[in-house]
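What follows is one structure encoded as structure tokens, with my remarks underneath.
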Amino acid sequence: MLQEPITIIDSPLSEDIKLSAMKACDSAFTKSVINRIEFKELFRKINTNAEFFIAVKAEEPVGYAAMYANNDKTKEAFITLLGVKHGHHGEHIGTRLMNCCLNTAKNKGMKTVRLEVLDVDKGAQAFYIKQGFLADGRCSSESIFMKKELVWSR
Ligand SMILES: CC(C)(COP(=O)(O)OP(=O)(O)OC[C@H]1O[C@@H](n2cnc3c(N)ncnc32)[C@H](O)[C@@H]1OP(=O)(O)O)[C@@H](O)C(=O)NCCC(=O)NCCS
């Protein structure tokens with residue numbers, strides 16, 4: 001059977017489009033993002049400062065990534081959220097979203113990319129290792145940091 005193509009859309013995206021993608025893909029996350037008590041503030045920050053990528057299949061959002069790449073002092077980008085809807089895992093949607101993040105971070109002059117992942121999310125950790133990330137210490141009692149150096153080609 002012919003697979004529906006997957007398209008990645010990025011900035012400029014309206015606030016409504018970002019919010020509806022986050023709602024549609026919330027089941028991807030072990031801990032709901034949209035039901036967090038601080039979600040309003042989290043969304044305000046993401047909407048104002050983060051790069052945002054949405055994977056669309058058959059006109060529906062099936063995954064998204066949000067990344068800050070605006071720290072000119074540390075030159076470190078931070079992927080704050082990256083998730084793919086259940087039922088669409090293994091279609092390389094996560095890899096495509098990650099590639100968008102890494103390319104954008106490079107284009108913005110970042111040298112490293114960091115993210116936080118829960119201890120229990122072993123599948124996500126395996127995915128990040130495959131993307132070239134290495135564990136980089138504890139973030140909280142239930143999560144670790146992972147980090148990737150961005151390689152510059154001349
Ligand atoms: C982790 C996640 C983003 C991966 O997305 P995906 O689209 O299924 O991943 P891909 O199809 O691009 O996988 C790429 C590679 O990563 C590896 N991988 C992906 N998910 C994996 C898993 N659960 N266990 C082990 N390896 C995995 C695969 O080996 C795959 O290798 P391949 O290229 O040989 O097929 C997705 O499973 C997800 O949304 N998980 C829940 C959300 C989450 O935990 N996010 C992290 C915290 S913000």
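In the range 2-43, a dipole from Cβ-located charges (positive for Lys and Arg, negative for Asp and Glu) runs towards its positive end, and of I9, F39, A24 it is F39 whose Cα lies farthest in that direction. Other residues within the sphere of radius under 11 Å centred on the Cβ of M98, judged by their own Cβ, net out at +3 (K and R +1, D and E -1). Taking the Cα centre of the chain as origin and assigning +1 to Lys and Arg Cβ atoms and -1 to Asp and Glu Cβ atoms, the resulting dipole is close to 520 debye. Packing around the peptides 139-145, 91-97, 55-61, taken as the average count of other Cβ atoms within 10 Å per residue, puts them in this order, highest first: 91-97, 55-61, 139-145.
On the beta carbon distance between S141 and H89, with R0 = 25 Å, the FRET formula returns roughly 0.35.
Subtracting the Cα-Cα distance of L19 and N47 from their residue separation scaled by 0.36 nm leaves 9.2 nm. Note on A126 and K40: their simple-model spin labels are 4.0 nm apart, each label 7 Å out from Cα toward Cβ. Here each label is just a point 7 Å from Cα along the line to Cβ, and for K111 and V151 those points are 1.8 nm apart. Within a straight-line Cα-Cα reach of under 17 Å, K111 can be paired with the following aspartates and glutamates, leaving aside sequence neighbours fewer than 8 residues apart in one chain: E51, D72, E76, D136, E149.
Counting only DSSP beta bridges whose two residues both lie in the chain, roughly 90 percent are antiparallel. In this rough spin-label picture, where each label sits 7 Å from Cα along the Cβ direction, the E60-I8 distance is 2.2 nm.
None of the figures in this text is laboratory data; all of them are computed from the coordinates on show. What you see is a predicted model, and the numbers here were worked out from it, not measured in a lab. All Cβ positions, even for glycine, are placed from backbone atoms using ideal geometry, and neighbour counts span all protein chains on display.
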